[in-house]
1. Out of LYS446, LYS437, report the one residue that is out of contact with any Pro (no Cβ under 9 Å at 6 or more places or on another chain) and free of Cβ contacts under 8 Å to residues at least 12 places away in the same chain.
2. Taking the stretch 121-142, which residues are more than 13 Å from LEU158 (Cβ to Cβ) and more than 18 Å from the chain's Cα centre (by Cα)?
3. When the residues of the stretch 8-53 are filtered to those that are of a type in the set (Val, Ile, Thr) and within 18 Å of LYS135 (Cβ to Cβ), which remaining residue is surrounded by the fewest Cβ atoms within 10 Å (Cβ to Cβ)?
4. Residues being assigned to a helix (DSSP H, G or I) and either touching a residue at least 40 places away in the same chain (Cβ under 8 Å) or surrounded by fewer than 18 Cβ atoms within 10 Å (Cβ to Cβ) (or both): count how many of those fall in the stretch 309-320.
5. Restricting attention to the stretch 27-74, which residues are touching an Asp or Glu at 6+ places or on another chain (Cβ under 6 Å) and assigned to a strand (DSSP E or B)?
6. Go through (1) in contact with a Lys or Arg (Cβ under 9 Å, 6 or more places away or on another chain); (2) part of a helix (DSSP H, G or I); (3) of a type outside the set (Gly, Ala, Ser) for LEU323 and report which single condition fails.
7. Consider THR58 carefully, then state whether it is more than 18 Å from LEU158 (Cα to Cα) and touching a helix residue (DSSP H, G or I) at 6+ places or on another chain (Cβ under 8 Å).
8. Could you check the stretch 401-434 and list, in sequence order, the residues that are over 17 Å from LEU305 (Cα atoms) and either among the aliphatic types (A, V, I, L, M) or free of Cβ contacts under 8 Å to residues at least 12 places away in the same chain (or both)?
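The values are calculated or read from the model by the stated rules, or taken from the named source; none is laboratory data. Small disclaimer: the values here were computed from a predicted structure and weren't measured. Here Cβ is always computed from backbone atoms with ideal geometry, including for glycine, and neighbour counts include all displayed protein chains. Protein only, heavy atoms only, side chains kept; ligands, DNA and RNA dropped before computing areas. Shrake-Rupley method; radii C 1.70, N 1.55, O 1.52, S 1.80 Å.
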Amino acid sequence: MLKLENYQKRAVEFLTRHPRAVLSMDMGLGKTATVIEALNRLQVRRALIVAPKRVALTVWKEEAEKWNDPSEWTVIEGTPTRRAALWKKKTARTVCSYEQLKEAPTLDYEAIVFDELTRLKHVTSKRFLYALGIKTAIRWGLTGTLLSNGAIDLFGQLAALDIYHATPHLARAGKVYIPEFFRWRATYFEDLNVFSGLPFHRWRIIPPHTLKTILEPVNGQIFTLRAEDYITLPPQRFRYHPHALTEEESARYKDAKTLLRVETEEGIIALNDKSTFQKLQTLCSGFLYDPESARPIWSGKSSKLEAVVDMVASMVGEGEQALLFYAFRAEADYLRQCLEKEGVTVITPQENGFLTAWNSREVDVLLAHPASAGHGLNLQQSGCRLMVWSSLTFDLELWMQGIARLHRRGQRAPVDVHVFYGLETVEAYALRALQKKAGLMDEFKKLTHR
């Protein structure tokens, strides 16, 4: 028997009573241990756990060993031949990544658990159809950010669990969910950008509907726990650094915004509608990717990234470690080059032994993309309390998961989160969008809190 906290025991009881359920618990509350205990409590003989790649390879089996779980575990990894052999093993618990879901046997499991359920929010994706193809009596989804990009994300995630659909049962072909989703969306949402010509949507709930009315049919199958109710953490302070671009940077940005093209020394780079937002964000950092060669074309320097380097180097000089998040590979290369010129030691999650080096404070800066360091990593053990975002993500899940790497159980010092963004640019829009999405998540937690 695992030694769980009281709130985890309540979550276990909920899962054992609900074969179709969402476990929405804030980062650091122990979703993994909770699910392991619930599977054992129900005496599930065979279960498939699907998770993001790095989490699948490390976190689940390590957690099972940590809690002395008696079940035999298999992690699907390696070459196609090795994976095929591992799939044939009839162990009690099998863990695979979302990319490997298409290889999974469809009838071998009593339960399936989707870790980071938001991976299934798109009903038109292949992974959604693969998920539906696996027939199990128990379907649980784990997440701390069910509404990562708004209430529009609900349908796909709950449909993958056989919760949200108009007609009963998942024995139907998965493609039936596509027209169902469109009917659901037309009932509850309108697109504020529908006649704007912009290449992205802005979904708003149609009055008199509210998030509460959308959740009413499914609220009983969602278990939400908030960290602030059960864990006392040091304060978390946000420091925003709006950065005014130089005249040259501002002129290039405005040209791109109005003409959807950028003149460089090597010619004119045209921007198509789908990539405009991303291109404009790279310009905030002083470069642009050539769509033909996929290589970055630099303007020579980036005043915003130089400000990031100055602050990080100064903090390191005062004895701090820093977790530094970036958005683009060229941005990461530039930051690393500039920091190392300042005598700052830098490591990335892709380097062998990075976690040991980080926890032993052998390095000053962990330079990471939030998608590569946003799930399952406990980075607070080194004593680091400084986080810096050199460029913002537009995804609330990546934002919240990234922040939770330091502000979590075991943190001993107040966490300072420094956010750099281009003043009067799409990055300022991204910040407002993240704050709005976070507000909707808070409302969701209140409506589904138990």
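1. Working: LYS437 fails: free of Cβ contacts under 8 Å to residues at least 12 places away in the same chain.
Exactly one residue qualifies, and that residue is LYS446.
2. THR124, LYS126, LEU129, TYR130, GLY133, ILE134, LYS135, THR136, ALA137, ILE138
3. Residues of the stretch 8-53 of a type in the set (Val, Ile, Thr): 12, 16, 22, 32, 34-36, 44, 49-50.
Pick out the ones that are also within 18 Å of LYS135 (Cβ to Cβ) and you get 44, 49-50.
On the way: VAL44: 19, ILE49: 28, VAL50: 29.
Per the stated criteria, the residue is VAL44.
4. The qualifying residues number 7.
5. ALA51 - this is the single residue of the stretch 27-74 that is touching an Asp or Glu at 6+ places or on another chain (Cβ under 6 Å) and assigned to a strand (DSSP E or B).
6. The number of the failed condition is (2).
7. Numbers: more than 18 Å from LEU158 (Cα to Cα): yes; touching a helix residue (DSSP H, G or I) at 6+ places or on another chain (Cβ under 8 Å): no.
Considered against the rule, which asks whether it is more than 18 Å from LEU158 (Cα to Cα) and touching a helix residue (DSSP H, G or I) at 6+ places or on another chain (Cβ under 8 Å), THR58 comes out as no.
8. Start the filter on the stretch 401-434 by keeping residues that are over 17 Å from LEU305 (Cα atoms), which leaves 401-416, 429-434.
Across the stretch 401-434, the qualifying residues are ILE403, ALA404, LEU406, ALA413, VAL415, TYR429, ALA430, LEU431, ARG432, ALA433, LEU434.
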